[in-house]
């Protein structure tokens, strides 16, 4: 397996994880496993392009911190596994960039999920919008983030795609 094929597989894994998390609020265990296995195989096939040992250290640190968050009910188990699997690919060279971009994407995602609640709280804004666009009267938006949780797999996918693009696609 070449590194380019592994990158393509991980790209598909990240897309599938994001879609699954939005649709079902679950990231299947197979997806982080495929991303991690692709990293290990790509590292064995091309050790000059993939930092195996550094990736393992970063993924281990992310997994430990994520597991603590999971134990306290602050993050989902699938999110922890996907974060750690993409930490393999980030390695020490891009770990900070990966985590910062994932956090920023998560903040943007949270803001997008809160927009309908903010709009409903501002009833005058909704009333004006409904007068301008009568079709809005039939639209009800259900985004109870507190009950359903935030599909953080989307943010992780954004951070992971950034890592793949900046570290591996140009080469």
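The values are calculated or read from the model by the stated rules, or taken from the named source; none is laboratory data. Everything numeric here is computed off the predicted structure, so don't read it as measured data. Quick reminder, even Gly has a Cβ in these numbers, built from the backbone with ideal geometry, and neighbours come from all protein chains shown.
Quick one: how many residues across the stretch 37-48 are surrounded by fewer than 21 Cβ atoms within 10 Å (Cβ to Cβ) and in contact with a helix residue (DSSP H, G or I) (Cβ under 6 Å, 6 or more places away or on another chain)?
Of the residues in that region, 1 qualify.
State whether one or more residues within the stretch 3-10 are under 18 Å from the mean Cα position of the chain (by Cα), modelled with pLDDT of 95 or more, in a helix (DSSP H, G or I) and buried (at least 19 other Cβ atoms within 10 Å of the Cβ).
Yes; the residues of the stretch 3-10 include at least one that is under 18 Å from the mean Cα position of the chain (by Cα), modelled with pLDDT of 95 or more, in a helix (DSSP H, G or I) and buried (at least 19 other Cβ atoms within 10 Å of the Cβ).
Rundown of residues vs (1) assigned to a loop (DSSP other than H, G, I, E, B); (2) surrounded by fewer than 22 Cβ atoms within 10 Å (Cβ to Cβ), yes/no style:
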position: 22; (1), (2): no, yes
position: 32; (1), (2): no, no
position: 35; (1), (2): no, no
position: 50; (1), (2): yes, no
position: 55; (1), (2): no, no
position: 59; (1), (2): no, no
